[in-house]
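This report concerns only the one structure given below.
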Amino acid sequence: MVEYMKYKILSLLPVAVGISFITFALAYLAPGDPAELILEHAGSMVASEADMGQFREQLGIDKPFIIQYFLWLEGLLYGDLGISFQTGRTVVEEIRCHLPYTLMVAVPAIFCTFISSLVYGFLLNCYMGTGKGKVLSLVGKICISLPGFLVSMLLIYLFSEVLGLLPSSGLNDLSSLILPSIALSLISSAMMGQVLNRQLIQEMDKYYCAVARLRGLTRKRIILEYALPNAFMPVVAMLGNYAGAILGGSVVVEYIFAVPGLGSMALDAIHFRDYPLLQGYVLFTGIVYVTVTALVDIILYGINPKMYLNDR
């Protein structure tokens, strides 16, 4: 277990370096002169070429690409991701301010996804081949086919406009978390539930489930006590990938529900061409994603090491 943890941690290093390089390269290749953009946001609409050159020298953007990258990487090691063009605050401070709002929506969404996918997969398998099973399968396919923004709009229309039960935007109280959490979890719950159902079908055809049927146990009991513990591993792996992505910020859902999280921050950075902030967002979300997936792999290895015999 300890050796596998060391292996996964070491494997993150080249991935992290690759993410940092791509992130910096994208910002470097983005259109616009950073010095001009900063002066523009500061209110200096017209600046002489001499002033621009001096400002570029202060920023260090007059140097070759590779030198700029290593200077940026050096600052990154000390927690310096630069200054936001738009707000004038550090990128780290901006991420720290917006991250709690993303967590307020993401954590309930992850919990809801885990529970609902288990329930949905269990029901799909229990009612397989019946009318109820066909209806459940159709509902899942419809949920998967709907884009996230449409799911969000439908939830707002139904629960806010028609029924008037829940607020449509903002984070004023706990009820404000319900709709964005459902919007984030609905599609993933349907996908993971169908994966769980396929795993349960495979497990139910195995010898130990056949022996349980010969003992006279009901299908539901066989699923819960025998098949489900062996079938939910791929669901946990998918949940880890989903959690890593959602913790990075869901741009569409946060924008529609007016949640001032990381996704909304990224949209503002794109709108104002705030490249340091967008750079920090991409780097942060990438590191979060690979870290969470690595942690999930370590947890799954601890549960069943045989699944990872060929991983090294």
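A short reminder: the numbers here are calculations on the coordinates, not readings from a lab. All values derive from a computational prediction rather than experimental measurement. Because the Cβ atoms are built from the backbone with ideal geometry, glycine has one as well, and the counts that use them run over all protein chains shown.
Quick notes on this structure:
- Prolate/oblate/rounded call for the range 105-154, Cα gyration tensor, a/c under 1.5 rounded: oblate
- Counted charge near Asp268, where neighbours are those whose Cβ lies closer than 15 Å (Asp, Glu -1; Lys, Arg +1): -2
- Ordering of 124-133, 5-14, 83-92, 283-292 by packing [mean C-beta count within 10 Å, highest first]: 283-292, 83-92, 124-133, 5-14
- Take 265-272, 216-223 and order them by the average number of nearby Cβ atoms within 10 Å per residue, most first; the result is 265-272, 216-223.
- Approximate spin-label separation Lys6-Arg221, in nm, with each point projected 7 Å along Cα-to-Cβ: 4.8
- For the peptides 107-115, 165-173, residues were scored by their other Cβ atoms within 10 Å and the scores averaged per peptide; the highest-first order is 107-115, 165-173.
- Cα gyration tensor, the range 99-261 - rounded (a/c under 1.5), prolate or oblate: prolate
- Whole-Hz Karplus values for the range 240-247 come out as x, 4, 5, 5, x, 5, 6, 5 Hz, taken residue by residue from phi with 6.51 cos²θ - 1.76 cosθ + 1.60 and θ = phi - 60°; glycine and proline positions read x.
- Along the range 137-148 the Karplus relation, 6.51 cos²θ - 1.76 cosθ + 1.60 evaluated at θ = phi - 60°, assigns HN-Hα couplings of 5, 5, 4, x, 5, 5, 4, 5, 6, 7, x, x Hz to successive residues, with x for each Gly and Pro.
- Net charge of the neighbourhood of Ser152, taken over other residues with C-beta under 14 Å away and scored Lys/Arg +1, Asp/Glu -1, is -2.
- Extending 7 Å from Cα along the Cβ direction at Asp80 and again at Leu123 yields two label points whose distance is 5.5 nm.
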